[in-house]
Amino acid sequence: MLTKKQLELLLFIDSHLKTHGTAPSFEEMKEAVKLRSKSGIHRLVTALEERGFLRRLPHRARALEVTKIPQPRTEELRPQLVASNTGPRGNVIPGDFGQDRNGNGQGNRPRTISVPLYGRIAAGAPIEALRDESTRIDLPTSFLGTGEHYALEVEGDSMIEAGIYDGDTAIIQRCDTAHNGTIVVALVDDNEVTLKRLRRKGESIALEPANPAYETRIFGPSRVRVQGRIVGLLRRY
């Protein structure tokens, strides 16, 4: 099973080969799948090689061969919930929460709660602009705890070393403050939303990525507003 970015890159390379007869450059790949760094493309290409979808041709520059294209799945993939305080190989909890063998809820107390999925966490889209109550996902009440929650789809690879990957769905507890080191949804200058680790340094606020390919950004306190903290991830395999 490929991630969305892996599949996107594989299809782009295949199309480029059929159209031009040569593989695209890393720069062209970077632009096509909207990544910020060539190191991210290198990781995607390596992953596709390891899974047998790509093959590098020896002694030739920019020589890639697409060995296979994954067949589309006809069944709906069951979501898996990953605890947010684990690493990339954290424990996975199956998505059929609160169901007995007959598919019924256990006991009289609700076992799941429906939270809104607002959209992708990307630059230029404040959280409030993403509100769309028509799309919701069900999560276990014991996992969420107290407070108001919402979900956002992660875009990009800036938090991969914290176990957060492109295409994951981040479960966010709404709040306006957070401790140092917490991974938060931060609104910068009222028009850019980002998922980063929060650090306070004197009067400044640093938003740290979890990927050495990206730089830490530092802002004055009036430029950053916390809109929630991550409490979990929903991931499809």
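Condition check for Val226 on (1) buried (at least 17 other Cβ atoms within 10 Å of the Cβ); (2) at pLDDT below 90: one failure, at (2).
Looking only at the range 145-172, residues that are closer than 19 Å to Leu234 by Cβ and in a loop (DSSP other than H, G, I, E, B) come to 14 in all.
Which members of the range 126-144 meet the condition of being in contact with a Gly (Cβ under 7 Å, 6 or more places away or on another chain) and either part of a loop (DSSP other than H, G, I, E, B) or at pLDDT below 75 (or both)?
Step one: of the range 126-144, the residues in contact with a Gly (Cβ under 7 Å, 6 or more places away or on another chain) are 130, 132, 140, 143.
Across the range 126-144, the qualifying residues are Leu130, Asp132, Phe143.
Filtered by the rule that a residue be within 18 Å of the chain's Cα centre (by Cα), among the acidic types (Asp, Glu) and within 19 Å of Arg120 (Cβ to Cβ), the range 182-217 gives a lone residue, Glu192. For the range 1-57, the candidate set comprises residues that are outside any loop (DSSP other than H, G, I, E, B) and among the polar types (S, T, N, Q); within that set, the residue that is least open to solvent (accessible area, probe 1.4 Å) is Gln6. Of the numbered criteria (1) touching an Asp or Glu at 6+ places or on another chain (Cβ under 9 Å); (2) open to solvent by less than 30 Å² (accessible area, probe 1.4 Å); (3) under 18 Å from Val115 (Cα atoms), the one Asp157 fails is (3).
The values are calculated or read from the model by the stated rules, or taken from the named source; none is laboratory data. A quick note: this is a predicted structure, and the numbers were derived from the prediction, not measured. All Cβ positions, glycine included, derive from the backbone under ideal geometry; neighbour counts span all protein chains shown. These area figures cover heavy atoms from the full protein model, side chains too; ligands, DNA and RNA do not enter into them. Shrake-Rupley method; radii C 1.70, N 1.55, O 1.52, S 1.80 Å.
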